[in-house]
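First comes the structure, then the notes that go with it.
The values are calculated or read from the model by the stated rules, or taken from the named source; none is laboratory data. Computed from a prediction, not measured in an experiment: that's the story for all the values here. Note that each Cβ is placed from the backbone with ideal geometry, even for glycine, and that neighbours are counted across all protein chains shown.
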Amino acid sequence: MEELKRCPFCGGLPATEVRVTQMGGGEDHIDFSVICTVCGTDKTARLKIKGKACFTDVEQSMDTAIKAWNRRATEGA
């Protein structure tokens, strides 16, 4: 996984967060976010699970959120 870049808006340090946002009903949602610890700016990737998920699915979703954060950090800086 890539190293997280600082927030493009305030320069704050980012943190990662994983939240289950929906359970049951045949489709589970897990949100993988990168959030600035200073201003709260965030980028989120959602993993929709139908049936079984494996570690690779989880890792790819967090990597997607990190890449989106870092791409914006590069553009905003």
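The number of residues in the stretch 22-71 being closer than 24 Å to F9 by Cα and at pLDDT below 75 comes to 0. Among the residues of the stretch 3-23 satisfying the criterion of being hydrophobic (A, V, I, L, M, F, W, C) and either more than 15 Å from T44 (Cα to Cα) or in contact with a helix residue (DSSP H, G or I) (Cβ under 8 Å, 6 or more places away or on another chain) (or both), which is surrounded by the fewest Cβ atoms within 10 Å (Cβ to Cβ)? Here the residue is M23.
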